[in-house]
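> Next up is a structure, given as structure tokens.
The values are calculated or read from the model by the stated rules, or taken from the named source; none is laboratory data. Note that the structure is predicted; figures quoted are calculated from it, not measured. Glycine gets a Cβ as well: all are built from the backbone with ideal geometry, and neighbour counts include every protein chain shown. Heavy atoms of the whole protein, side chains included, go into the accessibility calculation; ligands, DNA and RNA do not. Shrake-Rupley method; radii C 1.70, N 1.55, O 1.52, S 1.80 Å.
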Amino acid sequence: MKALEGIKVVDLTRVVSGPHCTMILGDFGADVIKIEKPGAGDIGRGYAPFYEGEATYFMTHNRNKRSISLNMRHPQAKEIVLRLLKDADVLVENFKAGTLEKIGLDPQMLLEMNPRLIITRISGFGQDGPYSDQVCYDAVAQAMSGLMAITGDPDSKGGHPTMVGSYIVDFVSGVYGALGTMAALQAREKTGKGQIVDIAMFDTACSLTHSAIINYYLLGQVAQRNGNQDRAAWPANFYPTKDGQLVYIHCGLDNTFARMCKVLGREELLDDPEYNTLRGRTNHIDECDAMITEWTLQHTLDEIIPICKANAFPCAKVNSIEDMVKDPQLKHRKMIRDVEDKRFGTVTMSGPVVKMSDTNPDVYCTAPRLGEHNHEILGDLLGFSDEEIAQMKEDGVI
């Protein structure tokens with residue numbers, strides 16, 4: 001059994017945040033019908049790099065979906081969308097606020113037509129507020145939220161605001177979108193009514209700044225860039241090794257720090273309240289880092305990792321992507337997995353994060369080709385004849 005089996009999702013999304021949301025719903029077994037522009041499709045289909053003509057960017061976020069190509073400027077295309085939505089469970093879109101209304105799919109009208117419909121709207125700044133009509137990208141949200149300002153080395157080390165190395169705001173907005181959609185589906189079980197789920201990327205980015213808001217208002221603190229140093233416990237940082245690599249070691253908890261002192265031969269610090277408590281070490285972060293650096297520079301990475309593990313110090317080498325994709329733990333958890341593709345044969349890709357004992361999400365199919373399921377959806381699902389479908393193609397509807 002699939003957790004969302006029987007749930008029909010109409011997907012009007014493109015690029016990352018929206019497709020990531022509907023991909024998650026598809027992973028849980030929802031029937032996701034992705035509507036794309038004929039000829040071009042989702043914008044993500046045009047982003048390099050390409051594998052035999054297909055954008056890996058698009059392939060990453062669009063597994064477990066069916067694709068239908070519709071020219072939304074054609075009146076018949078809108079009628080087809082309305083027929084799909086008449087008995088759909090979920091509509092997901094990530095246009096700029098107000099676009100859905102402009103193309104004739106006003107949410108209130110849709111809810112009157114189908115009162116059980118969940119309408120999930122992912123946008124840059126939300127459906128209301130002074131910024132709602134502005135365009136937003138991941139980097140814009142990172143910059144405006146302060147997330148970029150607290151990422152990177154501090155000014156004292158010549159640092160400057162730095163983007164997170166992936167589209168983290170897009171991804172998490174997609175996760176929030178899927179979470180909100182599932183919550184709305186659960187609420188519908190009790191009320192029988194659908195509703196609108198409103199996700200803003202700016203809100204998402206704000207949520208990723210941890211305790212910066214409460215610290216500002218309660219303590220008067222403005223969060224700063226902190227490099228690789230942990231923000232709550234010390235010592236916890238990346239340290240250079242004898243063989244020129246970096247190793248992450250976290251000894252911020254008092255009992256862990258005590259074990260580290262024994263490994264380093266610095267047991268005298270265990271009687272010093274300036275070091276044997278986290279509160280005291282707050283005044284000696286640099287000294288703690290220097291002490292561990294002196295030790296790590298005497299050993300290679302391969303020597304350090306076993307010592308840390310033997311003493312239960314959280315530790316890690318800094319993996320490259322090449323290291324990560326070969327990691328046995330990720331392969332065991334099926335995060336790196338082989339999936340059969342009709343065109344390419346076996347494709348190695350990422351898998352669902354969530355693991356469940358009974359209704360485990362899965363990768364049921366790779367990303368669809370543009371319009372791959374036109375006949376399947378128009379004919380089998382909506383009842384159009386082959387002649388009618390051929391006419392639609394001739395008329396530029398599909």
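> Can you tell me how many residues within segment 262-300 are of a type in the set (A, V, I, L, M, F, W, C) and either over 20 Å from THR241 (Cβ atoms) or modelled with pLDDT under 95 (or both)?
4
> Mind checking which residues of segment 348-376 are outside any loop (DSSP other than H, G, I, E, B) and more than 22 Å from HIS20 (Cβ to Cβ)?
ASN374, HIS375, GLU376
> Being assigned to a loop (DSSP other than H, G, I, E, B), surrounded by 15 or more Cβ atoms within 10 Å (Cβ to Cβ) and not β-branched (Val, Ile, Thr): is that true of GLN229 here?
yes
> Cβ-Cβ under 6 Å, sequence separation 6+ or interchain: first residue in segment 1-25 and closer than 12 Å to ASN62 by Cβ and among the basic types (Lys, Arg), partner open to solvent by less than 40 Å² (accessible area, probe 1.4 Å) and modelled with pLDDT of 95 or more. Which pairs?
Qualifying pairs under 6 Å: ARG14/ASP42.
> State all residues of segment 266-280 that are in a helix (DSSP H, G or I), in contact (Cβ under 8 Å) with a residue 12 or more places away in the chain and over 35 Å from the mean Cα position of the chain (by Cα); if no residue qualifies, say none. Show your work before the answer.
First, the residues of segment 266-280 that are in a helix (DSSP H, G or I): 267-271, 278-280.
Filter once more, so that each one left must be in contact (Cβ under 8 Å) with a residue 12 or more places away in the chain: 270, 278.
Hit for segment 266-280 is LEU270, nothing else.
> Out of GLY159, GLY126, report the one residue that is under 29 Å from VAL353 (Cα atoms) and either open to solvent by 70 Å² or more (accessible area, probe 1.4 Å) or outside any helix (DSSP H, G or I) (or both).
The match here is GLY126.
> Which one is surrounded by the most Cβ atoms within 10 Å (Cβ to Cβ), of the residues in segment 41-87 that are on the phi < 0 side of the Ramachandran plot and of a type in the set (S, T, N, Q)?
ASN62
> While we're looking at this one, here's another question. For the list (1) exposed (fewer than 14 other Cβ atoms within 10 Å of the Cβ); (2) closer than 10 Å to PHE202 by Cα, I need the number of the one condition that ASP133 fails.
Of everything listed in (1) exposed (fewer than 14 other Cβ atoms within 10 Å of the Cβ); (2) closer than 10 Å to PHE202 by Cα, ASP133 misses just condition (2).
> If you don't mind, another one. Being β-branched (Val, Ile, Thr) and in a loop (DSSP other than H, G, I, E, B) is the filter; apply it to segment 190-226 and report the residue that is nearest to TYR248 (Cα to Cα). Before the answer, list the steps.
At the first step, the residues of segment 190-226 found to be β-branched (Val, Ile, Thr) are 191, 196-197, 199, 204, 209, 213-214, 222.
If we keep only those that are in a loop (DSSP other than H, G, I, E, B) as well, we get 209, 222.
Working: THR209: 22, VAL222: 26 Å.
Looking at residues that are β-branched (Val, Ile, Thr) and in a loop (DSSP other than H, G, I, E, B), I get THR209.
> Does LYS96 satisfy being buried (at least 19 other Cβ atoms within 10 Å of the Cβ) and basic (Lys, Arg)? Don't jump to the end; show me each part of the working.
Working: buried (at least 19 other Cβ atoms within 10 Å of the Cβ): no; basic (Lys, Arg): yes.
No, not satisfied.
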